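Worksheet for the structure shown next.
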Amino acid sequence: MPGPNWLGAVLFLGVQLRALWPVAAVEVHTSREVNAVNGTNLRLKCTFSSSSPISQRLSVTWNFQPEDQSSHEPVFYYLKEPYKMATGRFKERVTWDGNIQRYDVSIVIWNLQPSDNGTFTCQVKNPPDVDGTIGEVRLKVVQKVQFSEIHFLAVAIGSACVLMIIVVIIVVFCRHFRKKRQEKTEAKVLKEKKKSGCKKSSIEVSDE
């Protein structure tokens, strides 16, 4: 019978098209690993992209997992407005520093401590986009910033710029003093010429 065969073909085609159609999802972007000095403040940057417009039901959830791989701890929550944690290690130590309209859901952690070493996760849900990636940031709190290759390169470039400026200043001063010396020499020669001219005129007058 052609009816059931036609219906089965339509259903099969629908399943195939659904499989090929891109699923709406939220993509979250964070730094993979950051270092911070003990006792300082740190902005954990987290941005996202969504195939749907910004929803009034958009939510942001920040969690933390210590290095000992124990259970996740809540850090921060956002739904229409920021909500600070009333308990836990991050109580009164986390503030909202994001901008939903700019797809930024970053937070700031104050007074970092060695016990903050671990992994922070940032999850964004923007209904109907409720699935997607979860951003992870591995934090390492150190006593002082390590001198990395980037710092060495920055120091080298800075030193080269300073040396170049010093060379330019020396060249400018040398040209300035050379010009002054040349002007003095020319003035002295001109003065001697004038003096010689005056003597010659006096001799001619005397002969007459």
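The values are calculated or read from the model by the stated rules, or taken from the named source; none is laboratory data. Every value quoted in this text rests on a predicted model; they were computed, and no experiment measured them. Counting neighbours? That spans all protein chains shown, and the Cβs are built from the backbone with ideal geometry, glycine included. The area values use the complete protein model at the heavy-atom level, side chains included, leaving out ligands, DNA and RNA. Shrake-Rupley method; radii C 1.70, N 1.55, O 1.52, S 1.80 Å.
What do you reckon, is SER70 open to solvent by less than 40 Å² (accessible area, probe 1.4 Å) and outside any strand (DSSP E or B)?
No.
Which ones in region 55-67 are closer than 27 Å to ARG102 by Cα and either open to solvent by less than 80 Å² (accessible area, probe 1.4 Å) or of a type in the set (Phe, Trp, Tyr) (or both)?
SER55, LEU58, SER59, VAL60, THR61, TRP62, ASN63, PHE64
Of all residues being more than 24 Å from the chain's Cα centre (by Cα) and either at positive phi or aliphatic (A, V, I, L, M) (or both) in region 73-88, which is most open to solvent (accessible area, probe 1.4 Å)? Just the residue, please.
Of everything passing the filter in region 73-88, LYS80 is most open to solvent (accessible area, probe 1.4 Å).
Only residues that are loosely packed, with under 15 Cβ neighbours inside 10 Å and part of a strand (DSSP E or B): list them for region 30-48, please.
Of everything in region 30-48, those that are loosely packed, with under 15 Cβ neighbours inside 10 Å and part of a strand (DSSP E or B) turn out to be GLU33, ASN35, VAL37, ARG43.
Go through (1) open to solvent by less than 100 Å² (accessible area, probe 1.4 Å); (2) of a type outside the set (A, V, I, L, M, F, W, C); (3) at pLDDT below 75 one by one and return the number of the condition GLU208 breaks.
With (1) open to solvent by less than 100 Å² (accessible area, probe 1.4 Å); (2) of a type outside the set (A, V, I, L, M, F, W, C); (3) at pLDDT below 75 applied to GLU208, the lone miss is (1).
So, in region 73-104, exactly how many residues are in a loop (DSSP other than H, G, I, E, B) and in contact (Cβ under 8 Å) with a residue 24 or more places away in the chain?
The qualifying residues number 6.
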